[in-house]
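Have a look at the structure below, then the notes.
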Amino acid sequence: MTAGSPAEGSAKPRGVSRTGVALAAVLLLLGPPAAAFDPRPGPSHAAQGTVEVLFSPHDDAEAALLRALRGARHSVHVQAFLFTSRTLAAALIEARARGVQVAVLADREQTMRGENSQIPLLAGAGIPVALEVRYAAAHNKIMLIDAEQAGGAVITGSYNFTYSARMRNAENVVILRGNPPVLRAYLDNWKRHRAEALPYTEALSAD
């Protein structure tokens, strides 16, 4: 071996750089490729009906939700991440008392950790409640009013059903009325999540 020559076995493999190894590690950490998702656009629905928009805390979003709940005649489907509003909980209990079919889905972790969660109250009042356990966060904030009726409404947006969302946070609420295909899409998604969720009492004891 001549002076200055690298020692035997110390040569780096050709074609492999530290950057390449690092990139491969990052790709592995990222998990499955985007191709695992359906690349096709979601279904589109023709614009019809009316759209009401509210922005808290400037608008009283809770009052709009109360009007919708008090106007329900057949059914109310709820998906909640946080639900601490006593006023909205009372409106759901009142709706059930007058014969409206009310059903609630909620995030299990938020229900378990939230000191002021109204979900236990709703379950105790006889409203069917299921808790979502599949997702890192069941972050939907949705109410469906008379979802199988032509005049039904979808209520969605960033608004949690809480005092903070009403009075402290910058939130938005969108109320879509008179668009049966959109109502059907939201109801189908609600049912899909319900099929994955656990009944309230069972979810409380789940690991």
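The values are calculated or read from the model by the stated rules, or taken from the named source; none is laboratory data. The shown structure was predicted, so the numbers you read here are calculated from the model rather than taken from an experiment. Please note: Cβ atoms are built from the backbone with ideal geometry, for glycine as well, and neighbour counts cover all protein chains shown.
For the reader, a short list of remarks on this structure follows.
- The condition of being buried (at least 17 other Cβ atoms within 10 Å of the Cβ), on the phi > 0 side of the Ramachandran plot and not hydroxyl-bearing (Ser, Thr, Tyr) holds for only one of Gly157, Gly152, Gly126, Gly114, that being Gly157.
- Of the residues making up the range 140-156, those that are of a type outside the set (Val, Ile, Thr) and at pLDDT 95 or above number 7.
- Annotation note: of Val174, Val129, Val133, Val100, the sole residue that is touching a helix residue (DSSP H, G or I) at 6+ places or on another chain (Cβ under 8 Å), modelled with pLDDT of 95 or more and not charged (D, E, K, R) is Val129.
- Residue in the range 29-49 that is within 22 Å of the chain's Cα centre (by Cα), assigned to a helix (DSSP H, G or I) and at pLDDT 95 or above present: no
- Qualifying residues in the range 53-90 (those that are surrounded by 15 or more Cβ atoms within 10 Å (Cβ to Cβ) and of a type in the set (D, E, K, R)) - the one farthest from Gly124 (Cα to Cα): Asp59
- Residue in the range 165-173 that is under 18 Å from the mean Cα position of the chain (by Cα) and closer than 15 Å to Val78 by Cα present: yes
- When the strands (runs of 3 or more DSSP E) confined to the range 66-151 are screened for residues that are of a type in the set (Ser, Thr, Tyr), out of contact with any Gly (no Cβ under 7 Å at 6 or more places or on another chain) and farther than 29 Å from Pro181 by Cα, none reaches at least 1 such residues.
- Scanning the range 102-128 for residues that are within 16 Å of His193 (Cα to Cα) and among the hydrophobic types (A, V, I, L, M, F, W, C) yields Val102, Ala103, Val104, Leu105, Ala106.
- Filtered residues of the range 36-71 (kept if more than 27 Å from Ala170 (Cβ to Cβ) and of a type in the set (Asp, Glu)): Asp38
- Any chance Val154 is closer than 25 Å to Leu204 by Cα and in contact with a strand residue (DSSP E or B) (Cβ under 6 Å, 6 or more places away or on another chain): no
- Cβ-Cβ distances below 7 Å connect the following pairs, each with a first residue in the range 137-163 that is within 10 Å of Leu65 (Cβ to Cβ), a second residue that is at pLDDT below 95 and of a type in the set (Asp, Glu), and a separation of six or more residues or different chains: Tyr159/Glu171.
- Of all residues making up the range 112-136, the number that are touching a residue at least 40 places away in the same chain (Cβ under 8 Å) and farther than 17 Å from His77 by Cα: 3
- Here Pro181 fulfils each of the conditions (1) within 16 Å of the chain's Cα centre (by Cα); (2) surrounded by fewer than 18 Cβ atoms within 10 Å (Cβ to Cβ); (3) within 29 Å of Val51 (Cα to Cα) apart from (1).
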